[in-house]
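Novice: Below is the structure I would like to discuss, written out as structure tokens.
The values are calculated or read from the model by the stated rules, or taken from the named source; none is laboratory data. Bear in mind that the values here come from a model prediction, so they are computed numbers and not experimental data. Note that each Cβ is placed from the backbone with ideal geometry, even for glycine, and that neighbours are counted across all protein chains shown. Side chains included, ligands, DNA and RNA excluded: accessible areas come from the protein's heavy atoms. Shrake-Rupley method; radii C 1.70, N 1.55, O 1.52, S 1.80 Å.
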Amino acid sequence: MKRLFPKLTASLAVCSVLVSASVAATNVIKIGVQAPITGQYANEGQSIDNGVKLIVDQYNAKGGVLGKKIEVVTCDDQGTAQQAAICAKKLVNEGVKAVIGSYTSGATEAAQTTYNRAGVLQTSDGTSDSLIAHKYWTFFRNSFPNSAEADYTAKYFVDGKQYKKIVILSDYSSYSTDLADATIKALKAKNANIIYEGKIKSGSQNFTATLTKIKSMDPDVIYFSGYYTDGGLLRAQQIQLGIKADFVGGDSNDNPDYMKLAGESAKGTLLINVPTPDILPYDIAKTFLTDYKTKFNATPASIWSLMNVDGLRAILHVMEQTKSEDTKVIAEGLHQLKDFPGITGPVTFREDGERIGGGYMTYEVQADKSYKIVYQ
Amino acid sequence: MDIFLQQMVNGLTIGSLYALVALGYTMVYGVMRLINFAHGDLVAFSAFIGLSVYAQIFGESVTSLGAIIVVFALSALIVAFVGVLLERLAYRPLRTAPRLSAVVSALGAGLVIQNSVMLIWGPNMKIFPSNFFPATIWEIGGIVITFTQVMILGVSSVLMVGLYFFIHQTKIGTAIRAVAIDQDAAKLMGINVGRIIMIIFIIGSALGAVAGLFIGSYYRGITFDMGWMYGLNAFVAAIMGGIGNIPGAMLGGLLLGLFNAMITGYISTQWAETFTFVLLIAILVFRPTGILGETVAEKV
């Protein structure tokens, strides 16, 4: 062992010299994408990846940033915490400056510490309030927190709809639990009557047993804080079982696949989210959506992809402004941004990385699967 | 009371699906003493094949009895063919090898099928059209039964009863039972064991195919890795009923479905799976051969 040790250190030293040399020699700036490219939320993940690549191509066409080309390194975290931890290590080893993603709060949280230790910036659409609890200087949220949505939901339920018997359902993910808890808290603050708080197992497909139990309580509304893959089935099975209550979905139900899964039953669903991509009032949004459509012959999966794109745009903007690749300097610059014109509205970050703002709306799904704004 | 009855309907529906899948496990085990771990993935494969057949031939729009029968028959045929292929490639070369080799081969074959499904149809969730079966709903005394549920309960009952009579009343059925009791003796009596095993795989895979299509039309969203969940539950059902025993697999499947529905409905979602395995352990401790398992116990 003793004889082996100097050899080992020597070879390690050679390795690290080689690695640092190769990093210094490259004339590119690497940006990571950590998103669920496959698995349950593949639809969202691929859209994030597409959006990032579109913006990067546009930058590279103009000569890149700081005179260097930008290279995108994508890692598929499948929306799970285990894969997210692997992705974080991989992207750090690749030498990325910043990581866009992930889509789910759970996968984002699992990767946070690794990026923070390596000094890699991370910006994610994860809405779980716990994401900013660590106060990592590397983390910036490009969406709005669950607590903002929860306050809006409570106001809508109590002041708008005047629901008397409320059922709250969530899955076990960090995002969904967090949103449900925040909503319950906000509802209780308004003295609302919650008759049932339950959980479903994401991906288990069969929710009839839970729904049958709910049916006996004759609720006015079933609120689901999970993702579209379960939400669509929940809605379809609710209608099948003849439960008359309104179905209100949290932001992650806002996805074209929700409509496909719920089928005919989608009609009448109430969805709470920030504005959908097609009704964003900003010119920059219209240009982006047209470019996206031209390049990928599809529309972005949801507003979440656009929020991630805004995260990337803010970082690249600050890089150009500060003329620096140093992540400390960029983080400093991000904090100083004030109403940076984003696709999803003005971008301003709080000291702890939280994006300031909100602007939630409720949409009712029409028979032709289009949206009608019913409350804002 | 009507909640209880509704839970019964929910439980029996999922239970018949488990039972159909469990039959595939139990028949292969009965004859070959092999847990065919690839069976669950075959079920997932059949859901994808069924969706493609439906989309290719009928453009996902026609709902007629004829169309549905064509889709079911064609998918069952394709899946049965893959099942036979599976036996040829993964199990036949290992028939005289130690049992562990065959089990490892089964796990490997399952991964091959699962990843092939992912490569062919992509990793994203695919969605069955909502008009595969008519959206008719009956409400009887507060209990809701959908057309799809009636189809699942009806077709699986017919298949299970049919299989029972096939095994007990026909010549081939007698041969299957003989092979299950003693392969060598059966061979000496002039039974072509290779052919019997092929028949077992055809029947098991075809039943799995029917279950896969029902899962797709009932739950709508199908993923390439869903086979594991249904496979595991059906495997538990087969053990509960007594593995190797055909009525046992049916009973085990129905009981497991009911048990799951009741636990989810009356206790909580997060405990449903835990209780499933607690029940499995309890059965293995107090009745190691399963509920109806005494007929095969003599051999193990």
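Novice: From the Cα gyration tensor of chain A, with a ≥ b ≥ c the square roots of its eigenvalues, which class applies: rounded if a/c is under 1.5, or else prolate if a/b is larger than b/c, or else oblate?
Specialist: prolate
Novice: Could you work out the helix-only [θ] at 222 nm for chain A, with each DSSP H run of four or more residues adding -39,500 (n - 2.57) and the total divided by the number of residues, to the nearest 500 deg cm²/dmol? Walk me through the numbers on the way to the answer.
Specialist: Working: 12 runs with 168 residues, N = 376.
It comes out at -14500 deg cm²/dmol, rounded to the nearest 500.
Novice: OK, next. State the volume of the convex hull built on the alpha-carbon positions of the stretch A:169-299, expressed per residue in Å³ and rounded to an integer.
Specialist: 129
Novice: Short version: ³J(HN,Hα) in whole Hz for each residue of the stretch B:68-80, in order, from phi by Karplus 6.51 cos²θ - 1.76 cosθ + 1.60 (θ = phi - 60°), x for Gly and Pro, what are they?
Specialist: For the stretch B:68-80, the Karplus curve yields 5, 5, 4, 4, 4, 5, 5, 5, 4, 5, 5, 5, 4 Hz.
Novice: Let me ask another. List the accessible area buried at the contact between A and B, summed over both sides and calculated with a 1.4 Å probe, in Å² to the nearest 100.
Specialist: 2400
Novice: Sort the stretch A:259-300 into rounded, prolate or oblate with this rule: let a ≥ b ≥ c be the square roots of the eigenvalues of the Cα gyration tensor; rounded if a/c is under 1.5, and if a/c is not under 1.5, prolate when a/b is larger than b/c, oblate otherwise. Intermediate results must be reported in sequence, preceding the final value.
Specialist: On the way: a/c = 4.49, a/b = 1.68, b/c = 2.66.
Taking the square roots of the gyration eigenvalues as a ≥ b ≥ c, the stretch A:259-300 is oblate.
Novice: Rg(Cα) of the protein assembly as shown divided by 2.2 N^0.38 Å?
Specialist: Numbers: Rg = 27.9 Å, N = 676, 2.2 N^0.38 = 26.2 Å.
Against the compact-globule rule of thumb, the ratio is 1.07.
Novice: Using the per-residue mean of other Cβ atoms lying within 10 Å as a proxy for protection, in what order, highest first, do the peptides A:179-190, A:104-115 fall?
Specialist: Answer by packing, highest mean first, reads A:104-115, A:179-190.
Novice: So, one more: How high is the relative contact order of chain A, in percent, with contacts defined as C-alpha pairs under 8 Å that are six or more residues apart?
Specialist: 16 percent.
Novice: Roughly to the nearest percent, how much of the accessible area of the stretch B:222-269 is carbon and sulfur, given a 1.4 Å probe?
Specialist: 79
Novice: Would you give the gap between the C-alpha center of the stretch B:47-80 and the C-alpha center of the stretch A:154-184, rounded to a whole Å?
Specialist: 41
Novice: Cα centroids of the stretch B:239-284 and the stretch A:341-369: how far apart, whole angstrom?
Specialist: Centre-to-centre distance over Cα atoms comes out at 45 Å.
Novice: Which entries of A:Lys30/B:Lys126; A:Lys97/B:Lys126; A:Lys69/A:Lys328; A:Lys69/A:Lys90 show an alpha-carbon separation above 30 angstrom in the structure shown? If you can, show how the numbers build up before the last one.
Specialist: Working: A:Lys30/B:Lys126 33 Å; A:Lys97/B:Lys126 36 Å; A:Lys69/A:Lys328 21 Å; A:Lys69/A:Lys90 21 Å.
Beyond 30 Å between Cα atoms: A:Lys30/B:Lys126; A:Lys97/B:Lys126.
Novice: Okay, helix-only estimate at 222 nm for chain B: each DSSP H run of n ≥ 4 adds -39500 (n - 2.57), divide by all residues, round to 500 deg cm²/dmol; what do you get? Walk me through the intermediate numbers first.
Specialist: Numbers: 12 runs with 217 residues, N = 300.
My calculation for chain B gives -24500 deg cm²/dmol from helical runs alone.
Novice: Could you derive backbone 3J(HN,Hα) for the stretch A:224-237 from the dihedral phi with the Karplus parameters 6.51, -1.76 and 1.60 (θ = phi - 60°), listing whole Hz in sequence and x where the residue is Gly or Pro?
Specialist: 10, 9, x, 9, 4, 5, 8, x, x, 6, 4, 4, 4, 6
Novice: Here's a follow-up. What list of ³J(HN,Hα) values in whole Hz, one per residue of the stretch A:181-189 in order, does the Karplus curve 6.51 cos²θ - 1.76 cosθ + 1.60 (θ = phi - 60°) give from phi, with Gly and Pro shown as x?
Specialist: 4, 4, 5, 4, 4, 5, 5, 5, 5
Novice: Mind checking which lysines have their Cα closer than 30 Å to the Cα of A:Lys188? Skip sequence neighbours fewer than 8 apart in that chain.
Specialist: Within reach: A:Lys135, A:Lys155, A:Lys161, A:Lys164, A:Lys165, A:Lys199, A:Lys201, A:Lys213, A:Lys215, A:Lys244, A:Lys267, A:Lys372.
Novice: Follow-up. Near A:Lys338, which aspartates and glutamates are there with a Cα under 18 Å away, not counting those fewer than 8 places off in the same chain?
Specialist: Qualifying aspartates and glutamates at Cα under 18 Å: A:Asp310, A:Glu320, A:Glu351, A:Asp352, A:Glu354.
Novice: Classify the stretch A:150-223: rounded, prolate or oblate, from the alpha-carbon gyration tensor (a ≥ b ≥ c, eigenvalue square roots; a/c under 1.5 rounded; otherwise prolate if a/b is larger than b/c)?
Specialist: Verdict is oblate for the stretch A:150-223.
Novice: If you count, for every residue in A:35-43, the Cβ atoms of partner chains within 10 Å of its Cβ, what is the mean? Mind showing how you got there, number by number?
Specialist: Details: counts 0, 1, 2, 5, 6, 6, 2, 5, 2.
Partner-chain Cβ atoms within 10 Å, mean over residues of A:35-43: 3.
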